[in-house]
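Everything below concerns the one structure shown next.
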Amino acid sequence: MQLLISQEWKDFRYCRVPLLIFWLLLVTELLSGLSMNTGMLATFISAASVLLQQLLLLVLIPMLIQSDPPVGDTAFWLTRPITPCRLFAAKAAFLVIAVILPQIATELLILAANGIGVRYLLLAIPEILLDSGAFIVAVATVAALTRNFARYALAGVLVFIVMAVILPLFGCLIAPLLPTSCAARGMLSFEPVKLSLIASKNILATILLIVGGIDIMQRQYRTRQTKRSFRSALVLILLIFITKMLWPWDFMAGQ
C-alpha cells in the first residue's frame, strides 16, 4: 500500500500543472453552470470549459501513462518492487480519483442546482460515467501503446481518421448491399431510423470501448507485447464499427 501511495504522489507531482488547470476548468464549469439561466455568456463559458477540459486531457493522460511507459523493455520500474498489475492499478486509480470523480461531482452539482431531482441525478450518473470513461479509456489506450508523445499524437490522428473517415465511408459503400431488414441500412443510406435504436448502439459501443480498452491496457502492462496489443486494438475498433452498423436489439425503446 505504501508503494502505491508513493506512486500516486509521484504521478501527482509530475502531472500537477495540467491537473491543477483541469480542476480550475471544472470549477469554472461549475460556477458558470450554477448561473446558466443568467444569459448566453455563462452558457458559452460552460461550453468552452468543457472543450478545454477535453483538450487538456489529451495532454494530461499521456503524461501520466508515459511517465512509466508500458512499451519496450527499458522502463525503470522493471527493476523496482512494484508489479506491472499494481502499476496499472495505480495509474487507473489516479485517473478515477483525480479526473473521473471530479467530473461526475461537477455535473451532478450543476444538475442539482438547476432543479433536477434526486432520482434523475442517480439516473444521470451512469450516462456521465460512460461518456467520461469512454473518452479517458480511448486516450489512455493509445498512450499505453506508444513510447512517447510524438508517437501518441501520430497514433491518435490515425485512429481518428480510421474511425471518423475510413470506416464511415466503407459503411456507406456497403450499405446498398445489405438486406433491407438490416439495422445498418437505414442509418447509412439516410433512411428513417429510430433514435432509440441509435442510442442502444451507442451505449453498447461505449461499453465495448471501455471494457476492451481496459483489457488491452492491463495486458500491455503485464506482457509488454505491443504488437499483439495493437492487433487487439484494431479488432476492438472493428467490433465497435460492426456493433454500430448491425446491432438489431433496441433495448432503449420506450425510455
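Each value in this text was obtained by applying a stated rule to the coordinates, not by laboratory testing. Predicted, not measured: the structure shown is a model, and the values here were computed from it. For neighbour counting, all protein chains shown are included, and Cβ atoms are generated from backbone atoms with ideal geometry for every residue, glycine included.
Note on Phe160 and Val27: the extension gain reaches 44.9 nm, defined as 0.36 nm multiplied by sequence separation minus the Cα-Cα distance.
Expected output is a single nm value to one decimal: the length gained when fully extending between Leu109 and Ala47, i.e. 0.36 nm times separation in residues minus the C-alpha distance. What is it? Present the calculation step by step, with values, prior to reporting the outcome.
On the way: separation 62, 0.36 × 62 = 22.32 nm, distance 1.61 nm.
Residue separation times 0.36 nm, minus the Cα-Cα distance, leaves 20.7 nm.
Each Lys and Arg contributes +1 and each Asp and Glu -1, all at the Cβ; summed about the Cα centre of the chain, the dipole is approximately 840 debye. Here the sum of -39500 (n - 2.57) over DSSP H runs of 4 or more residues, divided by the residues of the chain, equals -25500 deg cm²/dmol at 222 nm, to the nearest 500. The structure-derived value of mean projected area of the Cα convex hull in nm² appears in the list [x] 13.9; [y] 16.1; [z] 26.6 under the label [y].
Filter the chain for me: DSSP H helices, axial length by Cα at least 15 angstrom, mean Kyte-Doolittle hydropathy not below -0.5. List them by residue number. The partial results should precede the final answer.
Details: long enough: 2-34 (40 Å, 0.78); 40-66 (39 Å, 1.99); 84-95 (17 Å, 1.07); 101-113 (18 Å, 1.56); 118-144 (37 Å, 1.73); 149-161 (18 Å, 1.95); 195-223 (41 Å, 0.82); 226-246 (29 Å, 1.25).
Both cut-offs are met by 2-34, 40-66, 84-95, 101-113, 118-144, 149-161, 195-223, 226-246.
Among 201-213, 153-165, 230-242, how do they line up by average Cβ neighbours within 10 Å per residue, starting with the highest? Spell out each step's value before the answer.
Numbers: 201-213: 18.4, 153-165: 13.2, 230-242: 15.8.
In descending order of packing, they fall as 201-213, 230-242, 153-165.
Using the beta-carbon distance between Glu8 and Arg151 and R0 = 22 Å, what value does 1/(1 + (r/R0)^6) give for FRET efficiency, to the nearest 0.05?
On the way: r = 26 Å, r/R0 = 1.18.
It comes out at approximately 0.25.
Here the simple spin-label model places points 7 Å from the Cα toward Cβ, and for Ile125 and Leu58 these points are separated by 3.2 nm.
Each other residue within a Cβ distance under 15 Å of Phe94 adds +1 if Lys or Arg and -1 if Asp or Glu, for a net charge of +2.
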